[in-house]
Amino acid sequence: MQRFAAGAALGLAGGVFGGMFGVGGGLVMVPGMVLLMAVPQHRAHATSVAAIVASATAAVVPLALDGQVHWQVAGLLLAGGMAGAAAGARLISRIPERWLAAAFVVVVVAAAVRMGLGGGGTDGPAALPTIGPLDGAGLVSVGLVAGSLAAMLGIGGGIVFVPALVTLFGFGQHAAQATSLAVIAPTTAIAAWVHARAGRVDRERAVALSAGALAGGALGAWSALSVDGLVLRRLFAGVLVVVAARMIRRSSGREAPAEGTPG
């Protein structure tokens, strides 16, 4: 019972974080399992992915009911992301991770600065941008980049989707996060199925994490809706800085590489 309670508490924290910022929540759950529960890194990642299915699904519901999800955009990102993940898995041995990490850090910091200063679209269901053919091609490209980076660097799609939608396509922060979660839910479901078939998921811990993540994801999403879009955008910019710092540490060799941190 104590182990279940600890897992549920960690899942709650990860779910709130994921629902609040439109990412997976692995940035909270993976370190929590590794540092606090002594779970091996690869097993922690796989178990976290299973819980993210619950948190992302729970989080996207209140956002969808509020009219914040752009389903056409989610479909384009999903198509590109799945193709990108397949390509990234094949390219992972050909491109030095240090080069990729350095480029990723530059882009993330630039996005953090731009988001922190403002910009992007106006929040609200009526403000969802109209997507033309050129925008569609751009969104598929964003999905390709996010999927490739996820496969090669172990970063989550939400860390790419949200700033791209805000800074490149004029989305409001709430709509960007909601659309990101709509993509994360099915992609993590596929990943969780693969991990489970390979025996990498701690099923008992995943159930506990998922129980907390269901509540946390919904709570985080409802909380995000009550926060002003500009404030939320600046908070997300802070999350990007933390991710960039972790990438710098990992690429410099001071932090052991993780199999991946969904988000």
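The values are calculated or read from the model by the stated rules, or taken from the named source; none is laboratory data. Remember, it's a predicted structure, so these values are computed and weren't measured experimentally. Cβ placement follows ideal geometry from the backbone for every residue including glycine, while neighbour counts extend to all protein chains displayed.
Could you check, for segment 156-164, whether at least one of its residues is under 12 Å from the mean Cα position of the chain (by Cα), over 18 Å from residue 79 (Cα atoms) and assigned to a helix (DSSP H, G or I)?
Here is the first cut: in segment 156-164, the residues under 12 Å from the mean Cα position of the chain (by Cα) are 156-163.
The next check asks that each one be over 18 Å from residue 79 (Cα atoms); those that pass are 163.
Okay, now just the ones that are also assigned to a helix (DSSP H, G or I), so 163.
Looking through segment 156-164, at least one residue is under 12 Å from the mean Cα position of the chain (by Cα), over 18 Å from residue 79 (Cα atoms) and assigned to a helix (DSSP H, G or I).
Keeping to segment 165-178, report how many residues are touching a Leu at 6+ places or on another chain (Cβ under 8 Å), buried (at least 24 other Cβ atoms within 10 Å of the Cβ) and in a helix (DSSP H, G or I).
6
If I go through segment 54-69 residue by residue, how many of them are without any contact (Cβ under 8 Å) to a residue 12 or more places away in the chain and within 13 Å of the chain's Cα centre (by Cα)? Write out each step before concluding.
Looking only at segment 54-69, we keep the residues that are without any contact (Cβ under 8 Å) to a residue 12 or more places away in the chain, and these are 65.
Narrowing further to those that are within 13 Å of the chain's Cα centre (by Cα): none.
Number satisfying all stated conditions: 0.
May I ask you to list the residues in segment 179-199 that are over 11 Å from the mean Cα position of the chain (by Cα), of a type in the set (Gly, Ala, Ser) and in a helix (DSSP H, G or I)?
Listed by number, the residues that qualify are 189, 191, 192, 196.
Scan segment 9-43 for residues that are farther than 24 Å from residue 236 by Cα and small (Gly, Ala, Ser) and jot them down.
Hit for segment 9-43 is 38, nothing else.
Yes or no, residue by residue, for (1) among the small types (Gly, Ala, Ser); (2) in contact with a Ser or Thr (Cβ under 7 Å, 6 or more places away or on another chain):
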{"position": "156", "(1), (2)": "yes, yes"}
{"position": "162", "(1), (2)": "no, yes"}
{"position": "176", "(1), (2)": "yes, no"}
{"position": "185", "(1), (2)": "yes, yes"}
{"position": "190", "(1), (2)": "no, no"}
{"position": "196", "(1), (2)": "yes, no"}
{"position": "219", "(1), (2)": "no, no"}
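A quick yes/no check of all residues on (1) closer than 26 Å to residue 135 by Cβ; (2) hydroxyl-bearing (Ser, Thr, Tyr); (3) in contact with a Phe, Trp or Tyr (Cβ under 9 Å, 6 or more places away or on another chain):
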{"site": "37", "(1), (2), (3)": "no, no, no"}
{"site": "43", "(1), (2), (3)": "no, no, no"}
{"site": "52", "(1), (2), (3)": "no, no, no"}
{"site": "62", "(1), (2), (3)": "no, no, yes"}
{"site": "66", "(1), (2), (3)": "yes, no, no"}
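Taking segment 40-77 as the search range and keeping residues that are surrounded by fewer than 21 Cβ atoms within 10 Å (Cβ to Cβ) and among the aliphatic types (A, V, I, L, M), which one is farthest from residue 148 (Cα to Cα)?
Among those residues, the one meeting the criterion is 65.
Condition first: outside any loop (DSSP other than H, G, I, E, B), under 18 Å from residue 202 (Cβ atoms) and of a type in the set (A, V, I, L, M, F, W, C). Can you find one or more residues in segment 36-45 that meet it?
Within segment 36-45, the subset outside any loop (DSSP other than H, G, I, E, B) is 36, 41-45.
Within this subset, residues satisfying the condition of being under 18 Å from residue 202 (Cβ atoms) are 36, 41-45.
With the extra rule that they be of a type in the set (A, V, I, L, M, F, W, C), the set shrinks to 36, 44.
Yes, because at least one residue in segment 36-45 is outside any loop (DSSP other than H, G, I, E, B), under 18 Å from residue 202 (Cβ atoms) and of a type in the set (A, V, I, L, M, F, W, C).
Pick from 84, 120: which is at pLDDT below 70, under 20 Å from the mean Cα position of the chain (by Cα) and not β-branched (Val, Ile, Thr)? Walk me through it before giving the result.
Values: 84 fails: at pLDDT below 70.
From the options 84, 120, the qualifying one is 120.
Among the numbered criteria (1) over 19 Å from residue 152 (Cβ atoms); (2) crowded, with 17+ Cβ neighbours inside 10 Å, which single criterion is violated by residue 113?
Evaluating residue 113 over (1) over 19 Å from residue 152 (Cβ atoms); (2) crowded, with 17+ Cβ neighbours inside 10 Å leaves (2) as the failure.
For residue 24, all conditions in the list (1) in a helix (DSSP H, G or I); (2) under 19 Å from residue 161 (Cα atoms) hold save one; what is the number of the exception?
Of the numbered conditions (1) in a helix (DSSP H, G or I); (2) under 19 Å from residue 161 (Cα atoms), the odd one out for residue 24 is (1).
Does residue 13 satisfy being closer than 13 Å to residue 202 by Cα and out of contact with any Cys (no Cβ under 6 Å at 6 or more places or on another chain)?
Working: closer than 13 Å to residue 202 by Cα: no; out of contact with any Cys (no Cβ under 6 Å at 6 or more places or on another chain): yes.
No, not satisfied.
Find the residue count for segment 1-21, including only residues that are farther than 26 Å from residue 74 by Cα and assigned to a helix (DSSP H, G or I). Walk me through it before giving the result.
So in segment 1-21, the residues farther than 26 Å from residue 74 by Cα come out as 1-10.
Then drop every residue that is not assigned to a helix (DSSP H, G or I), which leaves 2-10.
Within segment 1-21, residues that are farther than 26 Å from residue 74 by Cα and assigned to a helix (DSSP H, G or I) number 9.
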